[in-house]
Amino acid sequence: MSGLLDLAYNLWWSWHPEVRILFKQLNQEAWKASIHNPVRMLRDLPAELLEAAEHNAEYLRRYDIIMNRFRRYLNSRSGWFKEQYPGKEALTIAYFSAEYGLHHSLPFYAGGLGFLAGDHLKECSDMGVPLVAVGFMYSEGYLHQHIQSDGWQTGSKECLDREATPVKRVLNWDGDHLVIRVPYVEPAIYVAVWKVDVGKVPLYLLDTDIPLNDEASRRISSSLYMSDREERLRQEIVLGIGGRMVLRTLGIEYSAVHLNEGHPAFALLERIRERMEHGILFDEAVRQVQGTTVFTTHTPVAAGHDVFSTDLMDKYFGTYYSELGIDRDQFLALGKHPDHPENGFNMTVLALRLSGYHNAVSKKHGEVTRQMWRGLWQDLAEDQVPIDAITNGVHLPTWMNSRIEDLLDSHFYYVAPNWQQEPDDETIWNLVDEVPDKDLWDLHLQLKNKLINRIRERKRVKWIKALDDTTNFVTEGPFLNPSVLTIGFARRFATYKRADLIFHDLDRLKKIISNRWRPVQIIFAGKAHQSDDEGKRILQKIYQIARQPEFEGRIAIVEDYNEQTAQYLVHGVDVWLNNPLPPMEACGTSGMKAGINGVLNLSILDGWWLEGYNGRNGWAFGAAEGEENRDAADADALYDILEREVIPLYYSSSLDAIPHGWVKMMKESIKSIAPRFCARRMVKDYVNNYYPKMVSSADAEREKS
Ligand SMILES: *Cc1c(COP(=O)(O)O)cnc(C)c1O
C-alpha cells in the first residue's frame, strides 16, 4: 500500500471525504491524534496496524478504488479548461501569493486572502487550468492563540515539523535539497525549496530557515507579514525575486503571471529584467510584462498596502535599477503614489503599473478601488479606471459539508447526475426545493450538535487538566445548548470588522440573550494580529462580558481560530453574523461558506453580500451611508432585526417541531449562493476575462523575438 504515502502527500485528500475516511479507517485514534493530517499519521502509525490493513480485504478493495481514481485524476488532461481552450496548455500561469489557506496542517495563512488563494489552486486543479504557484513555508506560521484569565490574547509559537506535514523537499540534480540564492541581494540570502501538491497544481514554498543563512535571514520566512518594515521588505524581495528564481531554476516555463495582492510584485521587475537580458528595451519589456500580468487587489484598508521608505529601497535596490537600464528616479517613480508621492515606494502602485489587467474582489470593492487609485489614470473618468471586479468564490468540495452534499446528491442525481461538475449552473440548484424539510433540518441539527459537542469536549478536557481559572469557566462555551438559536462570528479580529458591535447596548443584548422562552447564544472565534493591540482590546472586552453571570454562559469564545474550527462553525451554527464598517470589507468569504451549508447570513450590506442578498436567503441590516453615529445605528438595526425577524422565525416550529419558514430560507440560501459564489464561477471569470488576452500578448511577444 505504498500508494497511501502518495495520497497523503497530495492535498487532494483534503477535498475528498472518501480519502479521509480511508485514512481514518486505518486507525481512528491515530487519525484523531494526528489532527487529521495523514502524513503525520502514517509517520507515527505502528507497523502492525499497516500490516493489518494490508490483510484486510475490505480495506484493500477501497484502497484500490481510491488509488485508481486518484491516478486518473492526476493524469486526466480533460476538463473545462481543455474544452474551452484546446491546445492552449502551453501558456502556463504563475500564481504568486504571500499566503495560502489550504488545510489546517499547513499554517501558511492569516485569513481570507489566503483561503481565496488556496481555493483558487484547488479549483484550477479540478478544472485543469495550467497553474504553478509560489509562496512561503512559514516555519512559525502557527501562532497559537491563548486567552489569559484577564481576556488578553497571548500567543505561543509552534514550530512546523516539516517531516510531519504534506510538503516535499524539492531536490537538485545531485539529489540534495534544492537551495537557490536570491539574486541581487547582499549579503546573500539563500532559499530552500519545498513543494505541496494541490491536486494537479504544484505549489512551491520558499524557506530561508537554513544554516547557510545568518540569523536575520533565517527569520525571513518564519512568520506571515513581519511588522518591522525592513524585515517585511526582505520578505517581499524573497517572495518576488527569489520566487521567480526558483521557477527559473526548476526550468518551469510560464508566460503569464497572476499576483494575489501586491506583496509579490517584485516578481514583475525580474520578468522585465530577464527580457532586457535578451536585448529588449525597458519600455517594450514593460509592455510585454503588462500584457501577460493580472493583479488582484484585496483591501481598501491602508495597512493592507505596503509602502517602503526610499532609504530602504536604496539599500536593497541600489544596484538593481541599473540592471533595468533606468535611473533611481525612474525606478522610484514605479512605486510612487500619484496623490502621496512623498510617502515612499508603494507595492500596490508598482503592481498596478506593471500589470495590464487589474481586478478588485467584489463589485462594490471595484467601485472603491477605482476611486482609491484613480490618480494613476488622471485622464480617465472614475468609472473608466481600468480596474474590474471579479467577486470571490469558495471551493465547494472544501467548504460544503460532505453530508449536506450527499443529501443534495440523493435528490439531484436523477435529474443531473454529474451536477458536481457544473456547480455554477444555477438551474440545477433549484432542485434543493425537492429536499424534504425534515431531512435538511435533521442534518443541520446533527451538524450543530457536532459543533457544540466539540466545543464542550475541548472545554472539559481543559478543565480536567486544571488549566482553567474558575472565574472564566463559562467563557469557552460549557453551557452551549444545541436547542438554542446560535449565532456565529468568526474571522480575524481586525478593527474594521467590529466584532464587539453587538455589545453596543448591553441591556438590550442581555434581554435578547436571556429571553426565557427564546434565548440566543453567540460563538466567537478569531485572532488579533500580534501587533494589533486594538484588536486584542476588542477580544478582551468580549471575553470580560462573556463571563458576566447576566449573560448566562450564552456567549462563548473559541480559542485559536483556524481552518478546522472554521469548518465546524460554518457547518454548524444557525446564523452567520457579519458587521464590518462599510466599505471596508472588500468581499468576505466566510459568509459564502456558511450560506452554502444553509447557515443563514445576517450581515451588513457590504462586500459580497451586496450581490448575494436577495431578500429571501438571509438578512441585511445597517444604517444608511453617511449616518453620523454609525456604530450605534448599526447595532440598533441589528437588535431590531434579531427581535423582529430572526428570533421569531427560528422559534416558530410547527407540530412536527420543524421551523418550516427557517428551512425554506436555508434552501434559498444554498441555491442562491452556491452557484454564484463558488470558486468554479470565479476561476471561469478569471480565465475567460484575461486568458485569451494574455495568450495573444504572449503570441505577439514570441513572434517579435
Ligand atoms: C474563510 C476564512 C477566513 C476569511 O473569512 P472572512 O469572512 O473573509 O473574514 C478567515 N479565516 C478562516 C480560518 C477562514 O476559513
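A few notes on this one:
- Residue-span extension gain [residue 51 to residue 655] - 0.36 nm each, minus C-alpha spacing: 212.1 nm
- Net length gained if the chain between residue 700 and residue 465 were fully extended (0.36 nm per residue, minus Cα distance): 77.9 nm
- Fully extending the segment from residue 426 to residue 446, taken as 0.36 nm per residue of separation minus the present Cα-Cα distance, adds 4.5 nm.
- Legend: ranking of residues 15, 31, 463 from fewest to most surrounding C-beta atoms inside 10 Å; resulting order 463, 31, 15.
- Rg ratio for region 297-374: its Cα radius of gyration over 2.2 N^0.38 Å, N being its residue count, equals 1.18.
- For region 1-76 versus region 155-218, the inter-centroid distance based on Cα atoms is 26 Å.
- Projected area averaged over orientations for region 2-123, convex hull of C-alpha atoms, nm²: 9.0
- Exposure proxy order (Cβ contacts within 10 Å, fewest to most) of 109, 639: 639, 109
- Pairwise FRET efficiency - residue 283 versus residue 636, Cβ, R0 = 45 Å, nearest 0.05: 0.20
- Table column - 3J(HN,Hα) (Hz), region 94-101, Karplus curve with 6.51, -1.76, 1.60, x for Gly and Pro: 9, 10, 10, 8, 6, 9, 9, x
- In region 217-330, the alpha-carbon atoms span a convex hull of 126 Å³ per residue.
- Residues whose placed amide H lies under 5 Å from that of residue 93, excluding near-sequence neighbours: 131, 132
- Long pairs among 122/593; 465/527; 24/450; 122/200; 450/664; 363/684, criterion Cα-Cα beyond 20 Å: 465/527; 450/664
- Ellipsoid fit via the Cα gyration tensor, region 530-573: semi-axes of 20, 18, 6 Å, each the root of five times an eigenvalue, largest first.
- Kyte-Doolittle mean at least 0.0, axial Cα span of 20 Å or more - DSSP H helices of the chain: 112-127
- Amide H contacts for residue 155 (H built 1.01 Å from N in the peptide plane; partners 5 or more residues away or on another chain; cut-off under 5 Å): 146.
- Value at 222 nm in deg cm²/dmol, rounded to 500, when DSSP H runs of n ≥ 4 in the chain each add -39,500 (n - 2.57): -12500 deg cm²/dmol
- Cα centroid of region 582-606 to Cα centroid of region 488-521, whole Å: 17
- Rounded to 5, percent antiparallel among DSSP beta bridges of the chain: 30
- Compactness index (Cα Rg / 2.2 N^0.38 Å), region 399-491: 1.51
- Alpha carbon centroid spacing (whole Å) that separates region 633-701 from region 353-371: 22
- Summarised as an ellipsoid, the chain has semi-axes of 40, 31, 26 Å, derived from the eigenvalues of the Cα gyration tensor scaled by 5 and square-rooted, with the largest first.
- Under 5 Å from the amide H of residue 601 lie the amide H atoms of 576, 619, each residue being 5 or more positions distant or on a separate chain, with H modelled from the backbone and absent for Pro and chain starts.
Readers should treat all values here as calculations from the given coordinates under stated rules, not as data from a laboratory. This structure is a prediction, so every number in the text was calculated from the model and none was measured. Please note: Cβ atoms are built from the backbone with ideal geometry, for glycine as well, and neighbour counts cover all protein chains shown.
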